[in-house]
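Colleague: First the structure, which I've put down as structure tokens, then a few questions once you've had a look.
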Amino acid sequence: MPWLEHDNVRLYHELDDTHEAGKPVLVLSNSLGTSLGMWAPQLDALRQHFRLLRYDQRGHGQTSVPDAPFGVAQLGGDVLALLDHYDIDLALFCGLSMGGLTGLWLAAHHGERFPRMVVSNTAPLIGSQQGWNDRIALVERGGMAAITDKLMSWFSPGYPEAHPTAIDGFMKVFLATPTAGYNGCCAAIRDADLRAQLPNIRVPLLVIGGTHDVSTPPAQTQAIADGVPGAQYVQLAAGHLSNWEQADGYTEALVSFLTTGVVREVAHG
């Protein structure tokens, strides 16, 4: 079944059926206001190397909205519950934005289960308390339509005009996100501060940043790489959703690091 009942949440997920020998499981964790569909540009290439486990974060996509407040520990716990459900002891991981924050928590608290990890367009502390509170209030008053400017800010100048179909797809998912689910995740991000935990992370880590990312600017993604011992860093000429704007470079870096532990040269910006 594509749903797992866990911690009063019905987690929607999709696990590839293939059991090819030697194919490790790769967990893909989506960002705020999106769904597991955000990984579409990477799927064909990734399936050549990995068995993919994608899921919708709490209150997003087809995953239910929790009744009670939750934090980043619960977001990470959802990943662990999925792995345990399928008796997967070890898995690779890639998360973007909120998904990357989830990954950092997992690396800090359950690193023994993740041989390698990629976090992109994220930070150990994202935004400000007031900024998140203001956004939550806007959504409470006007619904998701009141903050569509946040979605548009994810993209580099000129990208929306050049890729209207992609933008329409993101907008549809964004507007369909339950307000309670979105605000619950906003509160979880608001309350998360993993800065002090970075030096203790021992998981081999690749950090991907975007030159034009205004949500988690390059200085913040670079700070993760500087703070985690041995972490590698790649910066792409992209906005917040770098896996779409620079799909080839993102996928190349992801596959290279997760298969070899080394990032070959990719297009930087």
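Colleague: Output the direction-averaged projected area (hull surface divided by four) of the convex hull of the alpha-carbon atoms of the stretch 3-260, in nm².
Modeller: Mean projected area of the Cα convex hull: 12.4 nm².
Colleague: Is it possible to state the helix-based mean residue ellipticity at 222 nm for the chain, with each DSSP H run of 4+ residues giving -39500 (n - 2.57), the sum divided by total residues, to the nearest 500 deg cm²/dmol? What is it?
Modeller: Mean residue ellipticity, 222 nm, calculated: -11500 deg cm²/dmol.
Colleague: Continuing with the same structure: Rounded if a/c is under 1.5, else prolate if a/b is larger than b/c, else oblate: which is the stretch 70-120, with a ≥ b ≥ c the root eigenvalues of its Cα gyration tensor?
Modeller: oblate
Colleague: How compact and how long is the stretch 118-186, expressed as Rg and Dmax of its alpha-carbon atoms in Å?
Modeller: Just the Cα atoms of the stretch 118-186 yield Rg and Dmax of 13.2, 36 Å.
Colleague: Against the 2.2 N^0.38 Å scaling, with N counting residues, where does the stretch 154-232 land? I'd like the Cα-based Rg ratio to two decimal places.
Modeller: Taking the Cα Rg and dividing by 2.2 N^0.38 Å, one obtains 1.40.
Colleague: Count neighbours as other Cβ atoms within 10 Å of each site's Cβ, and list the GluC sites (Glu not before Pro) in the stretch 186-269 that are DSSP loop with at most 13 such neighbours.
Modeller: E265
Colleague: Another question about this same structure. For the chain, set up a Gaussian network in which alpha carbons nearer than 10 Å are linked by springs, and say which option among A253, A180, A196 fluctuates the most.
Modeller: Most flexible of the set in this elastic network: A196.
Colleague: Now for a separate question. For a quick check, take a GNM of the chain with Cα springs below 10 Å and name the residue from L90, L53, L205 with the largest mean-square fluctuation.
Modeller: L90
Colleague: In terms of the ratio Rg/(2.2 N^0.38 Å) built on C-alpha atoms, what value belongs to the stretch 38-173?
Modeller: 1.16
Colleague: Between P115, P160, P24, where does the largest GNM mean-square fluctuation fall for the chain, given springs only between Cα atoms within less than 10 Å?
Modeller: Of the options given, P160 has the highest mean-square fluctuation.
Colleague: Still on this model: Could you derive backbone 3J(HN,Hα) for the stretch 104-109 from the dihedral phi with the Karplus parameters 6.51, -1.76 and 1.60 (θ = phi - 60°), listing whole Hz in sequence and x where the residue is Gly or Pro?
Modeller: Rounded to whole hertz, the list is 4, 5, 4, 5, 6, 10.
Colleague: Determine the dipole magnitude for the chain: charges of +1 sit on the beta-carbon of Lys and Arg, -1 on that of Asp and Glu, nothing else is charged, the reference point is the Cα centre, and the result goes in debye to the nearest 20.
Modeller: 300 debye
Colleague: When averaged across all projection directions, what area in nm² does the alpha-carbon convex hull of the stretch 1-78 cover?
Modeller: Taking a quarter of the hull surface, the average projection is 5.5 nm².
Colleague: Which value in nm describes the separation of the simple spin-label points at R141 and D17, placed 7 Å from the Cα toward the beta carbon?
Modeller: If labels sit at R141 and D17, their model points lie 5.0 nm apart.
Colleague: I've got another one for you. For the chain, what proportion of DSSP beta bridges, expressed in % and rounded to the nearest 5, is antiparallel?
Modeller: Counting only bridges with both partners in the chain, antiparallel ones make up about 25 percent.
A short reminder: the numbers here are calculations on the coordinates, not readings from a lab. Being a predicted model, the structure only gives us computed values, none of them experimental. Virtual Cβ from ideal backbone geometry, glycine too; neighbours counted across all protein chains shown.
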